[in-house]
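The values are calculated or read from the model by the stated rules, or taken from the named source; none is laboratory data. Here the structure is a predicted model, which is why all the values come from computation and not from measurement. As a convention, Cβ positions derive from the backbone with ideal geometry for all residues, glycine included, and neighbour counts pool all protein chains shown.
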Amino acid sequence: MADMTPSKNYFHDRLVLLLVTISSFLTILGSVLVLLRFNPSRNEGYIVQYRSNLGISAIKLGHSYDLLAFILFMVLVTVIGVVLSMRIYSIHRQFSITVLSLGILLLVLAIIVSNALLILS
């Protein structure tokens, strides 16, 4: 059975620390970008879905909390990615780095999608 405490080597691995730092930075950046364009007094709502194949009904409006879900998603991706990486590190270092890298990719995509929806609004 794997040890539940993170390996001391995990915190000394420079590549892992770089990926965790990038992940944290992207989470903060994405959250700030969403919050800067967030206006809670907006009455007409925010565009939360855009489906180009639906024609006239391609745009779906939602409430402000639908937009704030992007921030929650980015935080969850970062936290879950780091926790999984810590647990996997003692088994195999490359899998741990892969988990962190995929989390960064997911954060970049979340930032792109949230900004695209906010530009459409």
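Looking only at residues that are at pLDDT below 90 and in a helix (DSSP H, G or I) in the stretch 1-21, which one is surrounded by the fewest Cβ atoms within 10 Å (Cβ to Cβ)? Looking at the filtered set, the residue picked out is H12. Pairing residues of the stretch 22-36 that are on the phi < 0 side of the Ramachandran plot and without any contact (Cβ under 8 Å) to a residue 40 or more places away in the chain with residues that are outside any helix (DSSP H, G or I) and among the small types (G, A, S), at Cβ distances under 6 Å and at least 6 apart in sequence or on separate chains, gives no pairs at all.
Assess whether L67 counts as being in a helix (DSSP H, G or I), at pLDDT below 90 and either among the hydroxyl-bearing types (S, T, Y) or touching a helix residue (DSSP H, G or I) at 6+ places or on another chain (Cβ under 9 Å) (or both). Criteria met by L67. Among the residues that make up the stretch 87-97, is at least one of them under 10 Å from the mean Cα position of the chain (by Cα), in contact (Cβ under 8 Å) with a residue 40 or more places away in the chain and either exposed (fewer than 13 other Cβ atoms within 10 Å of the Cβ) or in a helix (DSSP H, G or I) (or both)? For the stretch 87-97, residues under 10 Å from the mean Cα position of the chain (by Cα), in contact (Cβ under 8 Å) with a residue 40 or more places away in the chain and either exposed (fewer than 13 other Cβ atoms within 10 Å of the Cβ) or in a helix (DSSP H, G or I) (or both): absent.
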